[in-house]
Amino acid sequence: MESIDVFEALDLIPHPLAIVTAGDPQTPGRRGGMTAAWVSRVSWNPPLVAVAISPKRFTYQLIKEFKAFAIHLVSKELEDVAMNVFGSLSGRDVDKFAKAGIEPLKAQAITAPIIPQSPLVIECKLVAEYPAGDHVIVVGEAVKAYKTSAKPLLIWHESQAKQIK
Ligand SMILES: Cc1cc2nc3c(=O)[nH]c(=O)nc-3n(C[C@H](O)[C@H](O)[C@H](O)COP(=O)(O)O)c2cc1C
């Protein structure tokens, strides 16, 4: 086997390509979302999901304030906005939904903006958070979910999103 740098190795772990949203769906400036790859199921019962989020993110502030977030898987149709809007701009400076031409829906069981084009949406109530180096592990209980027929993308490096077959 070939020895490689640990940072290069960690970049090669496959992740879902997701957008995590939070806030008031109808109020620009109080709604936001960010692209996230570090998303994982962490408990069967109750059904818990964890996202590693930098505390610098505007989305993190909204999650703390609204005590909820929605995880959206990303399809090919949403890939460009995931990379170039939700994954690179800050909600402090711009309303990403307007920038992306997305009219968010209201979540059904929590307060959060929902991206209707997403292949899979999981609404989560914030139940815990744990510090982890330069990120915070935000843990949510999945309380509602819905899907479309679109195919989600997987990512194992920022530049290589692939559709799940
Ligand atoms: C492919 C990709 C994956 C990302 N994954 C994460 C992640 O898991 N956690 C995180 O804190 N930031 C992640 N980011 C960075 C945030 O999406 C980015 O900093 C975003 O602009 C934050 O927006 P906000 O300040 O409006 O919350 C990722 C970005 C990209 C492009």
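Just so you know, all these numbers are worked out from the coordinates, no wet-lab data involved. The shown structure was predicted, so the numbers you read here are calculated from the model rather than taken from an experiment. Quick reminder, even Gly has a Cβ in these numbers, built from the backbone with ideal geometry, and neighbours come from all protein chains shown.
Tabulated data for the structure shown
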{"item": "Criterion: closer than 14 Å to T21 by Cβ and either within 16 Å of the ligand (Cβ to nearest atom) or not hydroxyl-bearing (S, T, Y) (or both) - qualifying residue of L154, L126", "result": "L126"}
{"item": "Condition check for L89: within 11 Å of the ligand (Cβ to nearest atom), of a type in the set (A, V, I, L, M, F, W, C) and either free of Cβ contacts under 8 Å to residues at least 12 places away in the same chain or surrounded by fewer than 21 Cβ atoms within 10 Å (Cβ to Cβ) (or both)", "result": "yes"}
{"item": "Flag if A18 is in contact (Cβ under 8 Å) with a residue 40 or more places away in the chain and either in contact with a Gly (Cβ under 9 Å, 6 or more places away or on another chain) or aromatic (F, W, Y) (or both)", "result": "no"}
{"item": "P131 without any contact (Cβ under 8 Å) to a residue 60 or more places away in the chain and either closer than 23 Å to D11 by Cβ or basic (K, R) (or both)", "result": "yes"}
{"item": "Options P28, P116: the member that is assigned to a loop (DSSP other than H, G, I, E, B), more than 10 Å from the ligand (Cβ to nearest atom) and in contact with a Phe, Trp or Tyr (Cβ under 9 Å, 6 or more places away or on another chain)", "result": "P28"}
{"item": "Answer residue from segment 42-56, given it is touching a strand residue (DSSP E or B) at 6+ places or on another chain (Cβ under 9 Å) and closer than 24 Å to M83 by Cβ and is farthest from the ligand (Cβ to nearest atom) among those", "result": "V49"}
{"item": "Qualifying position, being in contact (Cβ under 8 Å) with a residue 12 or more places away in the chain, of a type in the set (K, R) and crowded, with 18+ Cβ neighbours inside 10 Å, among K151, K147, K96, K106", "result": "K96"}
{"item": "Tally, over segment 57-86, of residues that are in a loop (DSSP other than H, G, I, E, B) and within 7 Å of the ligand (Cβ to nearest atom)", "result": "1"}
{"item": "Where a residue in segment 38-57 is touching a residue at least 12 places away in the same chain (Cβ under 8 Å) and its partner, wherever it lies, is more than 9 Å from the ligand (Cβ to nearest atom) and among the basic types (K, R), with Cβ under 9 Å and at least six apart", "result": "P47/R41; L48/R41; V49/R41; A50/R41"}
{"item": "Test result for E77, among the acidic types (D, E) and either surrounded by fewer than 22 Cβ atoms within 10 Å (Cβ to Cβ) or touching a Ser or Thr at 6+ places or on another chain (Cβ under 6 Å) (or both)", "result": "yes"}
{"item": "Evaluation of E103 against (1) assigned to a loop (DSSP other than H, G, I, E, B); (2) closer than 12 Å to I71 by Cβ; (3) among the acidic types (D, E) (one fails), failing number", "result": "(2)"}
